[in-house]
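Scroll down for the structure; my scribbles are underneath it.
The values are calculated or read from the model by the stated rules, or taken from the named source; none is laboratory data. All values derive from a computational prediction rather than experimental measurement. Note that we place each Cβ from the backbone using ideal geometry, even for glycine, and neighbour counts take in every protein chain shown.
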């Protein structure tokens with residue numbers, strides 16, 4: 001038998017752990033399946049929060065996030081309007097700075113922050129950007 005390097009991939013699930021052993025050449029095959037970033041505007045799935053839906057759209061050009069819009073967010077109550085008028089620009093600015101979904105939530109806007117994050121991950125996935 002030919003001396004072949006092996007790669008061990010481990011996965012843990014609720015039923016226990018599993019180890020899969022693949023030939024080392026499989027590593028290049030796994031790398032080849034990495035998604036490439038696309039250019040365009042990508043609308044994330046609407047994320048339902050306690051106070052309403054939040055939906056994010058990202059514009060990507062040459063693999064860089066150039067614009068983030070939030071076309072849907074809670075506005076039915078005056079408090080929603082107050083919170084979101086401050087939180088959403090902060091969240092948008094952070095995404096543009098870090099160029100990913102690796103963002104911090106905004107204090108006092110945890111529901112909006114979570115909905116924003118969930119929809120952002122969906123939009124970035126559609127754009128081919130790993131969240």
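Here is a check on your reading of the model: is residue 78 assigned by TED's automatic domain parsing to the domain that holds residue 123, modelled with pLDDT of 95 or more, within 19 Å of residue 120 (Cα to Cα) and more than 15 Å from the chain's Cα centre (by Cα)?
Numbers: assigned by TED's automatic domain parsing to the domain that holds residue 123: yes; modelled with pLDDT of 95 or more: yes; within 19 Å of residue 120 (Cα to Cα): no; more than 15 Å from the chain's Cα centre (by Cα): yes.
The answer is no for residue 78.
What is the residue count in the range 109-128 for residues that are in contact with a helix residue (DSSP H, G or I) (Cβ under 6 Å, 6 or more places away or on another chain) and in a helix (DSSP H, G or I)?
2
Going through the range 98-116 one residue at a time, which ones are under 30 Å from residue 39 (Cβ atoms), out of contact with any strand residue (DSSP E or B) (no Cβ under 6 Å at 6 or more places or on another chain) and surrounded by fewer than 20 Cβ atoms within 10 Å (Cβ to Cβ)?
98, 100, 102, 103, 104, 105, 106, 114, listed by residue number.
Determine, yes or no, whether residue 95 is surrounded by 18 or more Cβ atoms within 10 Å (Cβ to Cβ) and touching a strand residue (DSSP E or B) at 6+ places or on another chain (Cβ under 7 Å). Before the answer, list the steps.
Values: surrounded by 18 or more Cβ atoms within 10 Å (Cβ to Cβ): yes; touching a strand residue (DSSP E or B) at 6+ places or on another chain (Cβ under 7 Å): yes.
Here the answer is yes, as residue 95 does meet what is asked.
Return yes or no: is residue 3 modelled with pLDDT of 95 or more and surrounded by fewer than 11 Cβ atoms within 10 Å (Cβ to Cβ)?
On the way: modelled with pLDDT of 95 or more: no; surrounded by fewer than 11 Cβ atoms within 10 Å (Cβ to Cβ): yes.
No, not satisfied.
How many of the residues making up the range 13-63 are in contact with a strand residue (DSSP E or B) (Cβ under 8 Å, 6 or more places away or on another chain) and modelled with pLDDT under 80?
11
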